[in-house]
Amino acid sequence: MFAEILKGAKLLQGVAAEIYLDELASCPIREMTAGEILIAPGIKHRCILLILSGSLSIHLERPETEPVGHVGAGDIVGEISLISHSVTSAWVVGETPGRLLMIDEHRLWGLIDQAPLIARNLLMILTGWITTVNGHVLEQRKQIDILQDAARLDGLTGLCNRRWFDESLARLLARRVHHPVTLILMDIDHFKRFNDTHGHPGGDQALRALAELLKATLRLHDIAARYGGEEFALILPETGLSAATVVAERLRQAAAVMPIHALDGAPLSTLTLSLGIATGSDDATPESLIRLADERLYQAKHEGRNRVCVG
C-alpha cells in the first residue's frame, strides 16, 4: 500500500521505486486531524509533507478564509519555503483525517542527487502553485478595483461621484502653481418636467446620455462628476476662463441636439443646459470656487436658462 501511494506521488513520477522506496520508508509519518493547522505563516519549515491519505487546504490570508487550493493523496506541501530557505507564507490546514509523510531537507536533496527527475517534478509542482497564486492575486486585484470604482464612481452615469469630485478639487487647488483650475457647474433645465413626461426610466436615460457626451468631449485629465440629481460638475485643470467658456458653450450646443432614447429605443425629448463657470484665483478654496460657480449657474437660470454665465 505504501509503495502504491508513493508510485502515484507527483514528486516521484517517472522515478524508479528502488531509488526512493527504502529511503522514504524510514521517514516519520504524521497523523492528521480535520481542522488541524499543519503549517502557519512566518515559520521556518524544513521538510515537505507528502500526503499519503486525506486532504488539505491552502489559505493565503487566514485559516478561515476561502482557500486558494486543495491537495490530496500524492501531493506535497511545504516545498516553497524549504527550497527558498524562507519562512512560510501560507496556512496549510487539514480538511479530513489523514496521514502525512515528512521528508526532511537533507533527505530530499539526497534523492534529487540520485534522481534529477525529481527536481523536474518539483519544478512542475512549483510552477502549478505559482500559477494558482498569481491567479488568486489577480482576482483579488480585480475585486479591489471594483471596490475602488464603487467608492469613486456614480452608479448610474459612470462619472465620478460627489465625494471623488470634492477630493479632486481640493487636491488640484492645493498643488496648482501658476496654473489655473476652472470649475463648471451645469444643470439640466426643467428636468422635473422631463421626468414627468417620460418617467424616471426616461430621466435616467437622459442622465446617461449627458454623461456619455461629457466623456466624449472632455480631455483625459479633466474630471466630470455627477454633482447631485440632474446637476453635474467639471474640473478643468490648467484651463483659463476663456478656454473653459469655449468648452462650456460647445457642451451646451451639443446637449441641445443630443439624441436621447428610451430603453425600448423610442426617441425622447432633447435637453438644454444652464452652466456657470469660475476660475480659481491664487487664494481660492474649494468652497469659494464652488460658491462662485454656483452663483453663475443661478444667474444663467435667472436669465432664462440654456446659457453659459462666467465669473
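Near the amide H of Ser53, under 5 Å away, which other amide H atoms are found, from residues 5 or more places off or on another chain, if H is placed in the peptide plane?
Arg99
Find, among the trypsin sites (Lys or Arg not before Pro) in the range 1-104, those assigned to loop by DSSP (not H, G, I, E, B) with at most 12 other beta-carbon atoms within 10 angstrom. Provide the component values of the computation, followed by the final result.
Numbers: sites: Lys7, Lys10, Arg30, Lys44, Arg46, Arg99; in loops: Lys44, Arg46.
Counting only loop positions with at most 12 other Cβ atoms within 10 Å, the trypsin sites (Lys or Arg not before Pro) in the range 1-104 are Lys44.
Taking GluC sites (Glu not before Pro) as exposed when DSSP calls them loop (any state but H, G, I, E, B) and at most 13 other Cβ atoms lie within 10 Å, what is the longest stretch of the chain free of them, the sites themselves excluded?
On the way: sites that count: Glu61, Glu64, Glu303.
Between the exposed loop sites, the longest stretch runs 65-302.
Would you mind computing, in nm to one decimal, how far apart the modelled labels at Asp204 and Arg62 are, each placed 7 Å from Cα along Cα→Cβ?
3.6 nm
Could you tell me how many degrees, from 0 to 90 and to the nearest 10, lie between the Cα long axis of helix 286-302 and the main elongation axis, the longest principal axis, of the Cα atoms of the chain?
Relative to the chain, helix 286-302 is tipped by roughly 50 degrees.
Relative contact order (percent) for the range 162-310, with alpha-carbon contacts under 8 angstrom and 6 or more residues of separation? Mind dumping the intermediate values first?
Numbers: 261 pairs, mean separation 47.5, N = 149.
This gives 32 percent for the range 162-310.
With charges set only on the Cβ (+1 for Lys and Arg, -1 for Asp and Glu), what does the dipole of the chain come to about its Cα centre, in debye to the nearest 20?
Around 800 debye, computed over the chain.
Residues with amide H under 5 Å of His261's amide H, sequence separation 5 or more or different chain, H placed in the peptide plane at 1.01 Å from N; which?
Under 5 Å from the amide H of His261 lie the amide H atoms of Leu268, each far enough along the sequence or on another chain.
What is the extension gain from Glu105 to Asp264, computed as 0.36 nm multiplied by their sequence separation minus the C-alpha to C-alpha distance, in nm to one decimal?
Numbers: separation 159, 0.36 × 159 = 57.24 nm, distance 6.81 nm.
Net length gain for the segment: 50.4 nm.
What 222 nm value per residue comes from the helices of the chain, counting each DSSP H run with n ≥ 4 as -39,500 (n - 2.57) and dividing by all residues, nearest 500 deg cm²/dmol?
-15000 deg cm²/dmol
If you average the alpha carbon positions of the range 207-253 and of the range 101-130, how far apart do those two centres end up, in angstrom?
61 Å
Taking Rg and Dmax of the Cα atoms in Å straight from the coordinates, which label in (i) 32.4, 96; (ii) 19.4, 62; (iii) 17.8, 53 is the correct one?
Read-out taken from this structure: (i).
Which of the lysines could a cross-linker bridge to Lys301, judged by Cα under 20 Å and excluding same-chain residues fewer than eight apart?
Lys192
How much FRET efficiency would the formula 1/(1 + (r/R0)^6) give for Glu212 and His70, where r is the Cβ-Cβ distance and R0 is 35 Å, rounded to 0.05? Walk me through the numbers on the way to the answer.
Values: r = 45 Å, r/R0 = 1.30.
The pair Glu212/His70 has a calculated efficiency of 0.15.
Using only alpha carbon pairs under 8 Å that are at least six residues apart, calculate the relative contact order of the range 2-142 and give it in whole percent.
Details: 262 pairs, mean separation 46.7, N = 141.
Relative contact order, the range 2-142: 33 percent.
Where Lys and Arg each count +1 and Asp and Glu each count -1, what net charge lies around Gly202 among other residues with Cβ under 14 Å from its Cβ? Walk me through the numbers on the way to the answer.
Details: positive: Lys192, Arg193, Arg208; negative: Asp196, Asp204, Glu230, Asp264.
That works out to -1.
Work out from phi, with θ = phi - 60° and the Karplus expression 6.51 cos²θ - 1.76 cosθ + 1.60, the ³J(HN,Hα) of each residue of the range 201-209, listed in order in whole Hz, and give x for Gly and Pro.
Whole-Hz 3J(HN,Hα) from phi for the range 201-209: x, x, x, 5, 5, 5, 5, 5, 5.
Compute the angle between helix 162-175 and the longest alpha-carbon principal axis of the chain, please, reported from 0 to 90 degrees and rounded to the nearest 10.
It is inclined by approximately 80 degrees.
Please give the helix 241-256 orientation as an angle from the longest Cα principal axis of the chain, in degrees from 0 to 90, rounded to the nearest 10.
Compared with the principal axis, the helix lies near 90 degrees.
Given Cα pairs under 8 Å that are at least 6 residues apart, what percent is the relative contact order of the range 56-107?
Working: 52 pairs, mean separation 22.0, N = 52.
The normalised contact order for the range 56-107 reaches 42 percent.
Rounded to whole Hz and in sequence order, give me ³J(HN,Hα) for the range 103-118 from the Karplus expression 6.51 cos²θ - 1.76 cosθ + 1.60, θ = phi - 60°, writing x for Gly and Pro.
Karplus values, whole Hz, x for Gly and Pro: 9, 6, 4, 4, 5, 5, 5, x, 5, 5, 4, 7, 9, x, 4, 4.
From a point 7 Å beyond the Cα of Gln114 in the direction of its Cβ, which residues of the range 13-34 have a backbone N at a distance under 16 Å?
13-28
Throughout, read-outs are computed from the coordinates displayed, never taken from laboratory work. All values derive from a computational prediction rather than experimental measurement. All Cβ positions, even for glycine, are placed from backbone atoms using ideal geometry, and neighbour counts span all protein chains on display.
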